[in-house]
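As structure tokens, the structure follows; a few thoughts come after it.
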Amino acid sequence: MMKIGNHEFNTAQDCYVMGILNCTPDSFSDGGRWTERDRALSHAEEMIRDGAAILDLGGESTRPGYTQISVQEEIDRVVPVIEAVKARFDIPVSVDTYKSGVAAAALRAGADMVNDIWGLQYDPDMAALIAAHRVPCCLMHNRKEAVYQDFPVELCRDLLQSVSIAKAAGIPDDAIILDPGVGFAKSYQQNLAVIHRLDQVARLGYPVLLGTSRKSCIGLTLDLPASERVEGTLVTTVFAVLHGASFVRVHDVKENVRAVRMAQAVVREGDGEHGL
């Protein structure tokens, strides 16, 4: 079991849907839609109603070619929304940031978890901050360049390096989630390989989060714009359930919750007394 906020997550048995709430003007899929607090709250309410188990709030787009913003600007974007969500809803909130200054402000505002796209390898103060606040973290695989000699081996090695940083800072094993980083420092083929080999990441011994929602590997496969990638995302969500993921991070909560429930029903029936 993993505790995020005041909620328990059975990561060994279930897969949970994390709803994306981008408080950014330039995210690749929904930039600018939820930057105003009232609209963000309305969208949060919709995602909760549709079955999201956790919300992931981000204030800086990390799409390919993104422009980094200042710590203060990112704080100004996310903190008011975090405060409003936590005041109104009983749901865990994750802050999507790789900057310890932003994470500190978000945690003071009520965030329950840190989702770091650099796996604690960008900001040297991030791991100690997370440990001090005793909150869970999601450590994503990332690199400055997509150069590999042995991609599957190096992917797992990089993730374990992030785990080592976390444990050295005092973050316990039961507060660590791993994300293989689809769409980050990987070619099209490598992104598909990450999804295909998800069970290898799960075998590292930590809950796995898969974030493929509307991403370019789906767009390139189906030749579709971001707004038409729901079905492709659902395929990867089902694949995540079948290969041991504990979380899927998505834009389209309702559809993905239904896909998770159906996939889990098939898995459980197959493992039960009626299995062949």
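Within segment 107-126, can you find the residues that are among the hydrophobic types (A, V, I, L, M, F, W, C), touching a helix residue (DSSP H, G or I) at 6+ places or on another chain (Cβ under 7 Å) and farther than 18 Å from Lys3 by Cα? Write out each step before concluding.
We begin by selecting, within segment 107-126, every residue among the hydrophobic types (A, V, I, L, M, F, W, C); these are 107, 109, 111, 113-114, 117-118, 120, 126.
Narrowing further to those that are touching a helix residue (DSSP H, G or I) at 6+ places or on another chain (Cβ under 7 Å): 107, 109, 111, 114, 120, 126.
Correct list: Ala109, Leu120, Met126.
If I ask for residues that are more than 20 Å from His196 (Cβ to Cβ) and open to solvent by 60 Å² or more (accessible area, probe 1.4 Å), which ones from segment 214-231 would you list?
Answer for segment 214-231, where residues must be more than 20 Å from His196 (Cβ to Cβ) and open to solvent by 60 Å² or more (accessible area, probe 1.4 Å): Asp223, Pro225, Ser227, Glu228.
Could you please let me know if Ala128 is at pLDDT 95 or above, open to solvent by 50 Å² or more (accessible area, probe 1.4 Å), under 30 Å from Ser70 (Cβ atoms) and part of a helix (DSSP H, G or I)?
Yes: the conditions hold for Ala128.
Within segment 172-214, track down each residue that is assigned to a loop (DSSP other than H, G, I, E, B) and over 13 Å from the mean Cα position of the chain (by Cα).
Those that are assigned to a loop (DSSP other than H, G, I, E, B) and over 13 Å from the mean Cα position of the chain (by Cα): Pro172, Ala185, Lys186, Ser187, Arg197, Arg203, Leu204, Gly205, Tyr206, Arg214.
The values are calculated or read from the model by the stated rules, or taken from the named source; none is laboratory data. Note that the structure is predicted; figures quoted are calculated from it, not measured. Note that we place each Cβ from the backbone using ideal geometry, even for glycine, and neighbour counts take in every protein chain shown. For accessibility, only protein heavy atoms count, side chains too; no ligands or nucleic acids. Shrake-Rupley method; radii C 1.70, N 1.55, O 1.52, S 1.80 Å.
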